[in-house]
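Visitor: Structure incoming, see below.
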Amino acid sequence: MAKISSEAKKRYFDRVQEYKKHIDVVLAREKSVAKTLESESAGGAAHKRLMLADERLNLASNYLLLNRISLALLGVRNDAFLNDARKSCYQSIIYLEEVVSDYIDTPFSDYSENLERIEGYEDESRYYLCRKLGFTIDSVKEDFGDNSKWKWSFVELEGRLATVTKNFINFKSFVAMLDPRVDGYPMRVEFLALCKELLLRSADRYREKYELSTLRIDDFKVAIAYLHALRRVYAIIGEPDNAESIKKKSEVWTAKMNSDEQRAAAGAGKKA
């Protein structure tokens, strides 16, 4: 690697200083708001967490920008900034899970009370926050590159994105709003399509992680849980053919998982 000149280093440090100051201000504000959560009403705390989740994504964008400044001025990728961006995505998701729950495959009634606390948070805001989170995760993953040590950890991050996207949708009222005559109909169609796409992708990615990386049955079980979650969505919105298709796929996967588990147990028995 070519030696970095003193002039290039100075230009780099001058550029990043302003962004670092802004980041410090945002982190201090987050810490201050977090201290007030316990004294808030359930609804007030939920709305503050939504705000913090959004701010964490803005923070991640700042870290990504700092990495690109490093690439432009020093010709070096800054993994520390990228890792901070990755951690910010995780923290954003944690805030959202605290609001809408992290349940993958459960009846809507199990977490509907959570959504009552954010009734005033419009579907459009929920949709765009989920899209923003997905875009930020994709940007972090892209900047790390295909051979990153974090490659398979993004499967979990993307899965948790799929979960909160599903859990953001108030299916009790949402289905009735899927009417072309109702304001916001195109957005709701896109929101639902995003939910279904993310659930299916998470199922496929966890299956891929199992096959190509871990061979851990738990990863296969999570993949199947995402299929079950998608089937629930199809059942709720009245798409029985798609629900049946996903059911058949999950049955095939379950049979494969059970076969693999039995083969692994038999192999372990022989070694013993």
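Visitor: When region 116-175 is examined, which residues are found to be of a type in the set (Asp, Glu) and either in contact (Cβ under 8 Å) with a residue 12 or more places away in the chain or loosely packed, with under 15 Cβ neighbours inside 10 Å (or both)?
Guide: If the condition is that a residue be of a type in the set (Asp, Glu) and either in contact (Cβ under 8 Å) with a residue 12 or more places away in the chain or loosely packed, with under 15 Cβ neighbours inside 10 Å (or both), then 116, 119, 122, 123, 124, 138, 142, 143, 146, 158 are the ones that fit.
Visitor: Could you tell me how many of the residues in region 145-179 are hydrophobic (A, V, I, L, M, F, W, C), modelled with pLDDT of 95 or more and closer than 18 Å to residue 64 by Cβ?
Guide: 3
Visitor: Output the number of residues of region 176-203 satisfying the condition of being more than 13 Å from the chain's Cα centre (by Cα) and surrounded by 17 or more Cβ atoms within 10 Å (Cβ to Cβ).
Guide: Of the residues in that region, 6 qualify.
Visitor: Please specify each residue of region 1-45 satisfying the condition of being of a type in the set (Val, Ile, Thr) and closer than 18 Å to residue 77 by Cβ.
Guide: Within region 1-45, 4, 16 meet the criteria.
Visitor: Something else now. Pairs please, first residue from region 237-255 and modelled with pLDDT of 95 or more, second anywhere and of a type in the set (Gly, Ala, Ser), Cβ atoms under 6 Å, 6+ apart in sequence or on different chains.
Guide: 243/235
Visitor: Starting from region 1-27, keep only residues that are among the basic types (Lys, Arg), then list their pairs with residues that are assigned to a helix (DSSP H, G or I) whose Cβ atoms are within a distance under 8 Å, requiring at least 6 positions of separation or different chains.
Guide: Every condition considered, the pairs that remain are 9/74; 11/73; 15/69; 15/73; 20/66.
Visitor: Before we move on, is residue 124 in a helix (DSSP H, G or I), in the same structural domain as residue 57 (by TED's automatic domain parsing), closer than 23 Å to residue 61 by Cα and touching a Gly at 6+ places or on another chain (Cβ under 7 Å)?
Guide: Yes, satisfied.
Visitor: Taking region 203-236 on its own, how many of its residues are closer than 25 Å to residue 109 by Cα and either modelled with pLDDT under 95 or not small (Gly, Ala, Ser) (or both)?
Guide: Residues that pass the stated criteria total 12.
The values are calculated or read from the model by the stated rules, or taken from the named source; none is laboratory data. What you are looking at is a predicted structure, and each value in this text was computed from that prediction instead of being measured. Counting neighbours? That spans all protein chains shown, and the Cβs are built from the backbone with ideal geometry, glycine included.
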